[in-house]
Amino acid sequence: MKRFVKGMKGAYSALIFLFLYAPIAVMITFSFNASKSRGTWGGFSLKWYIELFGDARIMQALGNTLFIAITAALLATIIGTAAAIGINAMRRVPQGIVMNVSYLPVLNADIVTGVSLLILFVSVGIPLGRISLLLAHMTFNIPYVILSVMPKLKQMNKHAYEAALDLGCTPLSAIVKVVLPEIMPGVVTGAILAFTLSIDDFVISFFTTGAGVGTLSTEIYSQVRRGVKPSMNALSAIMFVVVLILLIVINIRSSKDNRQASK
Amino acid sequence: MAKELIRLEKVSMAYDGEEVLKSIDLTINDKEFLTLLGPSGCGKTTTLRIIGGFETPKSGNVYFDGVRINDVPPYKRRVNTVFQRYALFPHLNVAENVAFGLRVAKRPKKEINERVSEMLALVGLRGYEHRDVSQLSGGQQQRVAIARALAVGPEVLLLDEPLGALDLKLRKDMQTELKRIQQQAGITFIYVTHDQEEALTMSDTVVVMNEGTIQQIGTPIDIYNEPQNAFVADFIGESNIVDGVMHHDFDVSFAGGRFVCVDKGFAKDEPVDVVIRPEDIDCVPESEGMWSGTVESIVFKGVHYEILVDSGDARWMIHSTDPQTPGSRVGMKITPDDIHIMHKSDAKVWEEEK
């Protein structure tokens, strides 16, 4: 009986994972398919990957994606970390209000964020293109940086900053010499998270980018509309693997942090 | 005569409209070990933070060596702080923590190394240079915090309940240790605590505070033997405080009897607080007592017994090395100089009204 229950539990989990990952598994498998057909297996081949890297449009989109993701993650990390330090120094009630206000965009539907950013950019006259895309990505990244830095600030001894002032640091150098090293794990996690979200994003990018400036996700979308080319399977597979690796890195980092904190 | 180093003049402080310091005047002398003592919320930590530069008083002035320092930021003050929870920097090892202030001041490397070894020797942590601060015990972290603050050569060291997190035995050792460090470093220590024993053991001067005001300033002996009001008498050590009437100089009545005392200068028939320390009352056979009562309870405390006696109009706590049987009648005796007479204090009246 016990074995049966255990077996059922295992089968149930397997079903869930099958349900979740079957489409991705199929997609990855077919990215190695020698046949162009979507239904039949024509043997193993890397030709779609080769074709992918030979495609100038895709390579340009990759360049855009990396540029936007790296720049947006970097700037969002700086702004978000500074914001978190400021919020942490606030008194309780305003702190709670500001935290909730910063958290709201995380829950907001992407399409709402995308459309509202589009309207904003058009109305203040920012041309749609790299700059608008960068600003949009920074906007949705900042709350995630704040959320990953905040717990580190709360863990800190609340007098550490004062102790640095006491020992002769100016407020700025106290933050650089004492606060930043303490919260660094949270800052790095926030940066990786921001980078991942940037690569991952489609909806907001779709609304805020202009003609000729595509990211990988918007490029896949526009090509798929004209019929799915097998090279899109290859591109999607690569994106999935990159995001997966980054998520694993983030999880390892945060579980390490938790272990350290509980020591 | 001792030289004045820090002076607070009519210093007041309020948070969100709540007054935590009410116009405090305090002078701190050079090379003095001064303790701010009081229950939590009495304003002692706020006073310390004002001297450290972490709070700006709402009104009043703070002088250091005759110069007004109200608006001088902490990093420009010749004062250093040992924080309640040490606030060591966990990303640095012991030596780097101690060297922190010297590095900020950009002192030459050789001087820094010498100073760090000197400080670690002073606090008894030689050989711990490369330890991680998180590997140290509470007492050791405490010492690192003291070494770190002393390394930069302050004229005054501020200590905010530094022994609060340590166990009893370690606390006793550290009390002696702190006094030694203060004498060896030859600087002023301002120490905040709610522990009266700590205050009496280490201080040259004790400042008793309550509800944002200073109740009494004096040497530990003065504070213990000559408390100025019922609050101080009650807070420092244990006390029996009863109502009495001062008829003339040296003549007081309380507990249904008339006693000779050593106090004078009160108005005729002024109602007063009579304070008697539990160890000053002697238990004698009922017939020999100046007044008497029934033994209510007795508790063994180690060195002495704590005996509660009900005399009908008051309950008396007595510390005695001789036990008494609960329920039996006992006489109580006292000498004139053990009777302390105090004006009825506003603080106490106010407390009773609450």
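Quick one: would you say B:M209 is among the aliphatic types (A, V, I, L, M), buried (at least 18 other Cβ atoms within 10 Å of the Cβ) and touching a Leu at 6+ places or on another chain (Cβ under 7 Å)?
yes
Suppose we filter A:V187, A:V145 for residues that are within 30 Å of A:V115 (Cα to Cα) and within 14 Å of chain B (Cβ to nearest Cβ); which single one remains? Spell out how you get there, then give the answer.
Working: A:V145 fails: within 14 Å of chain B (Cβ to nearest Cβ).
Exactly one of A:V187, A:V145 is within 30 Å of A:V115 (Cα to Cα) and within 14 Å of chain B (Cβ to nearest Cβ), namely A:V187.
Being surrounded by fewer than 19 Cβ atoms within 10 Å (Cβ to Cβ), away from chain A (no Cβ under 14 Å) and touching a helix residue (DSSP H, G or I) at 6+ places or on another chain (Cβ under 8 Å): is that true of B:R103 here?
no
Is the range A:179-196 home to any residue that is more than 21 Å from the chain's Cα centre (by Cα), in a helix (DSSP H, G or I), at negative phi and buried (at least 17 other Cβ atoms within 10 Å of the Cβ)?
Scanning the range A:179-196 turns up at least one residue that is more than 21 Å from the chain's Cα centre (by Cα), in a helix (DSSP H, G or I), at negative phi and buried (at least 17 other Cβ atoms within 10 Å of the Cβ).
Looking at this structure, is B:L36 touching a residue at least 24 places away in the same chain (Cβ under 8 Å), under 26 Å from B:F100 (Cβ atoms), buried (at least 19 other Cβ atoms within 10 Å of the Cβ) and touching a strand residue (DSSP E or B) at 6+ places or on another chain (Cβ under 8 Å)? Walk me through how you get there before you give the answer.
On the way: touching a residue at least 24 places away in the same chain (Cβ under 8 Å): yes; under 26 Å from B:F100 (Cβ atoms): no; buried (at least 19 other Cβ atoms within 10 Å of the Cβ): yes; touching a strand residue (DSSP E or B) at 6+ places or on another chain (Cβ under 8 Å): yes.
When the stated conditions are applied, B:L36 does not pass them.
Specify which of the listed residues (B:L34, B:L48) is at pLDDT 90 or above, within 14 Å of chain A (Cβ to nearest Cβ) and closer than 21 Å to B:N210 by Cβ.
B:L48
Residue-by-condition table, conditions (1) within 29 Å of A:E182 (Cα to Cα); (2) out of contact with any Phe, Trp or Tyr (no Cβ under 9 Å at 6 or more places or on another chain); (3) not aromatic (F, W, Y):
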position	(1), (2), (3)
B:Q141	yes, no, yes
B:G153	yes, yes, yes
B:V156	yes, no, yes
B:K169	no, yes, yes
B:E198	no, no, yes
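Please verify whether B:K179 is free of Cβ contacts under 8 Å to residues at least 24 places away in the same chain and not hydrophobic (A, V, I, L, M, F, W, C), treating the condition exactly as stated.
no
Looking at (1) surrounded by fewer than 22 Cβ atoms within 10 Å (Cβ to Cβ); (2) farther than 18 Å from A:I245 by Cα; (3) more than 14 Å from every other protein chain (Cβ to nearest Cβ); (4) of a type in the set (A, V, I, L, M), find the lone condition where A:I204 falls short.
Just one mismatch for A:I204, condition (1).
Please work out which one of (1) small (G, A, S); (2) in contact with a Phe, Trp or Tyr (Cβ under 6 Å, 6 or more places away or on another chain); (3) farther than 22 Å from B:L36 by Cβ is the condition B:S134 fails and give its number.
(2)
Looking only at the range B:75-100, filter to residues that are of a type in the set (G, A, S) and closer than 21 Å to A:L172 by Cα; which one of those is nearest to the other protein chains (Cβ to nearest Cβ)?
B:A87
The values are calculated or read from the model by the stated rules, or taken from the named source; none is laboratory data. Just so you know, these numbers come straight off a predicted model, no measurement behind them. Positions of Cβ are generated from backbone atoms using ideal geometry, with glycine treated the same way; all protein chains shown enter the neighbour counts.
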